[in-house]
Structure formats: C-alpha cells, structure tokens
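A.B. asks: Shown below is the structure under consideration.
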Amino acid sequence: MAQARLNRACPSFPVADVFATAEYYRDVLGFSFDRFDGNPPSFVILERDAARLMFKQVAPEAMPRPADKRSLLQYDVFFEADDVTALADELRARGAEIVQEPIDRPIWNGRELVVRDIDGRVLCFGQRLEEATS
C-alpha cells in the first residue's frame, strides 16, 4: 500500500484581531492575502512564497495565554528561508521586532533569525548553510 504524501504544513493560530494580525503580516513581514472569510469576517489565509499561515479570530476568553518565561528558542513557527541575513535587513526596514539577529547554529549547520509578531508569537526563519569543503 502506497504511503500518503504530505505536501505542506499550514499552521493555524487563534488571534484577538484578525484584521490587525493580517495587516501586520502583510505590511511588516511581507505576506499577502486575498480576502477575509466568515460572517462576520473572522478568518484569513496569508502567504509568502511557499509559506502559508491561517488566523482565526476568537473571543478574548478563548485566546491561549502565552508562557511568560518562555525561551526564545521555543518557536511557534519555523520557516525555511534561502537568505536569513537579507531577510533580517528587509524585516528590520519594515519595523519588525527582531529579538535575535541572524546567528549560526552549528547543531544543524544553519543560520536563524528570530522575530516576535504583533500577537507575541515567536517566529524563526532558518537557512541551511553550505557544508564546508576541504
């Protein structure tokens, strides 16, 4: 029996204000969206290149409480990127809250940039570095 293939993950997050979150992701993080869905509008899908996120507005009492002492290494989303340094420059120019500048991570031979979004989520953008050749 053939095994089913997974093509892409699309994380979905609850938000207090779907419009503010979507506009932040568009204006600061460079994502795009076509429309808001629901009646009243309460859901949006955002995309940037092959990355896709979904946000659903929920009542304030239904919002999860963020961990107040969480490490910056506990990411809500990890995005694969091809040039983390250039992305850091782009996001900085757009006013993103960069909580960790690009840093090399030898454990996986990568470089990571960590950003906090308007809702407090920790986003990591990671780039695999080329293997050293002798």
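The values are calculated or read from the model by the stated rules, or taken from the named source; none is laboratory data. Please read these numbers as outputs of a predicted model, since none were measured by experiment. Cβ atoms come from the backbone with ideal geometry, glycine included; neighbour counts cover every protein chain shown. The protein model used for the area step is the full one, side chains on, heavy atoms only, and it has no ligands, DNA or RNA in it. Shrake-Rupley method; radii C 1.70, N 1.55, O 1.52, S 1.80 Å.
A.B. asks: Taking the mean number of other Cβ atoms within 10 Å as a proxy for protection, how do you rank 98-108, 83-93 from highest to lowest?
C.D. replies: My ranking of the peptides, most packed first, is 83-93, 98-108.
A.B. asks: Continuing with this model, one more query. Against the 2.2 N^0.38 Å scaling, with N counting residues, where does the stretch 1-94 land? I'd like the Cα-based Rg ratio to two decimal places.
C.D. replies: Working it through for the stretch 1-94, the quotient is 1.25.
A.B. asks: Over the chain, give the accessible area per residue in Å² for a 1.4 Å probe, as an integer.
C.D. replies: For the chain, the per-residue accessible area is 66 Å².
A.B. asks: For the stretch 1-130, calculate the relative contact order in percent as a whole number, restricting contacts to Cα pairs under 8 Å that are 6 or more residues apart. Numbers along the way, then the final one.
C.D. replies: Values: 208 pairs, mean separation 28.3, N = 130.
That works out to 22 percent.
A.B. asks: Would you mind checking the stretch 12-38 for residues with the amide N under 13 Å from a putative spin-label position 7 Å along Cα→C-beta of V77?
C.D. replies: Inside the label zone: 12-15, 21-33.
A.B. asks: Pulled fully out, how much extra length does the chain show between R48 and I118, if you take 0.36 nm times their separation in residues and subtract their Cα-Cα distance?
C.D. replies: Result: 23.5 nm gained on full extension.
A.B. asks: Provide C10, C124 ordered by accessible surface of protein heavy atoms (probe 1.4 Å), highest first.
C.D. replies: C10, C124
A.B. asks: Report the trypsin sites (Lys or Arg not before Pro) located in the stretch 1-84 that are in a DSSP loop and have at most 15 other Cβ atoms inside 10 Å of their Cβ, or state none.
C.D. replies: Filter output for the stretch 1-84: R5, R8, R35, K69, R70.
A.B. asks: Also, I was wondering about something else. Rounded to whole Hz and in sequence order, give me ³J(HN,Hα) for the stretch 39-47 from the Karplus expression 6.51 cos²θ - 1.76 cosθ + 1.60, θ = phi - 60°, writing x for Gly and Pro.
C.D. replies: For the stretch 39-47, the Karplus curve yields 9, x, x, 8, 9, 8, 10, 10, 9 Hz.
A.B. asks: Further, regarding this structure: Through the Karplus equation 6.51 cos²θ - 1.76 cosθ + 1.60, θ set to phi - 60°, convert the phi angles of the stretch 95-102 into ³J(HN,Hα) values in whole Hz; use x for Gly and Pro.
C.D. replies: Those phi angles translate into x, 5, 7, 8, 9, 8, 4, x Hz.
A.B. asks: Here's a follow-up. Would you calculate a helix-derived [θ] at 222 nm for the chain, using -39,500 (n - 2.57) for each DSSP H run of n ≥ 4 and dividing by the full residue count, to the nearest 500?
C.D. replies: -4500 deg cm²/dmol
A.B. asks: On to the next question. Which of S32, F43, A2 sits closest to the plus end of the dipole of the stretch 1-63, meaning its Cα is farthest towards the positive end, when Lys and Arg get +1 and Asp and Glu get -1 on the C-beta?
C.D. replies: The residue sitting farthest along the positive end of the dipole is A2.
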